[in-house]
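Each remark here refers to the structure printed beneath this line.
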Amino acid sequence: MVKRKKLIDSPASPTIPPNMDNSALSIIMAKLDIMGAQLTAQLAKSEQLETSITNLRADMAVVVNASAKKDEIISRHTEQINNCEQALRSTSIRILGLPVKKDDNAMSILNTVYDTILHPVLVAAEQKGELDAPFPSRRFLIDSAFAIPAKNPASCPVIVKFSSAFVRNLVFSYKNDSLPKMPDPISHRMRPKFAIYEDLTPANFAHLRSLTEDPRTTTIWTFNGMVKFRVKDSEVIYRSRSLTDTVDSILKIKPAHPPAP
């Protein structure tokens, strides 16, 4: 009884019912020891798990950083390849509105391009003193011309490749002065009968469309594949130098951040 009294009076020992014998106490203490050991093991596992999570986060940061560098390299190479592809089209144009069908033969399309587009341009250039007559033959000036299938089978877009960039530039310089115009059915203003554009790569064409769809852009065009545009209430000419450019990035407008909670 003296030993049990000491256990009851000790502040560090659990309260034991007076009728509990030593064997029952031993069983409880053994279970407490097991639970303590299990708790210690769980804490150790928790510390190991926390260390593993920390290491995984560090590894993930390394992977994300390496992935960002790879994405940057891929983006740079994509730009370089696109620029090379655009350079290969430096003597080509795209014409809309010509009476050309997709089944027309190559010589027929070439003759239509020369008679309808190129010859009037050459005459205008001669009148301005930029070109001397007689002109080179049409087969010398035009390397190739072919139609692209379209919804309107009677008027397909035509891709024309000229013998030199000089000839192509003559078309862009004199098309407004030498080619016919017609009233626009919507605005009733006079507009060119034939639409003539640079022959853009798919990537540059998609980029042009994305900038065109921004409601802030007004006049928009391309020069050697580079997109240029004006915005509302401004005469400043902005240039896009990358396929990843947006109107915001070109105008240096920072994205709006949501308010802090």
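Does ALA145 meet the test of being buried (at least 17 other Cβ atoms within 10 Å of the Cβ), assigned by TED's automatic domain parsing to the domain that holds PRO192 and outside any helix (DSSP H, G or I)? Yes; evaluated as a whole, the condition is true for this residue. Can you spot a residue in the range 117-127 that is closer than 23 Å to SER155 by Cα and not in a helix (DSSP H, G or I)? Within the range 117-127, none of the residues are closer than 23 Å to SER155 by Cα and not in a helix (DSSP H, G or I).
Note on the range 187-235: residues that are among the acidic types (Asp, Glu) and farther than 26 Å from PHE146 by Cβ total 4. Taking the criterion of being under 16 Å from ALA87 (Cβ atoms) and assigned to a loop (DSSP other than H, G, I, E, B), the residues of the range 217-236 that qualify are ASN224, GLY225. Evaluation of ILE142 against the conditions (1) β-branched (Val, Ile, Thr); (2) within 21 Å of ASN204 (Cβ to Cβ); (3) without any contact (Cβ under 8 Å) to a residue 40 or more places away in the chain shows that the sole unmet condition is (2). Need pairs with beta-carbon distance below 7 Å; first residue touching a residue at least 40 places away in the same chain (Cβ under 8 Å) and within the range 77-89, second in a helix (DSSP H, G or I) and surrounded by 12 or more Cβ atoms within 10 Å (Cβ to Cβ); sequence gap 6+ or separate chains. Matching pairs, first to second residue: ASN82/ALA203; ASN82/ASN204; GLN86/ASN204. Checked against the criterion of being among the small types (Gly, Ala, Ser), more than 19 Å from SER164 (Cα to Cα) and touching a Cys at 6+ places or on another chain (Cβ under 8 Å), the candidates ALA68, ALA147 yield just one match: ALA147.
The number of residues in the range 81-114 that are assigned to a helix (DSSP H, G or I) and under 10 Å from VAL158 (Cβ atoms) comes to 4. Inside the range 212-243, residues that are of a type outside the set (Gly, Ala, Ser) and under 15 Å from THR201 (Cβ atoms) make up a count of 6.
The values are calculated or read from the model by the stated rules, or taken from the named source; none is laboratory data. A quick note: this is a predicted structure, and the numbers were derived from the prediction, not measured. Virtual Cβ from ideal backbone geometry, glycine too; neighbours counted across all protein chains shown.
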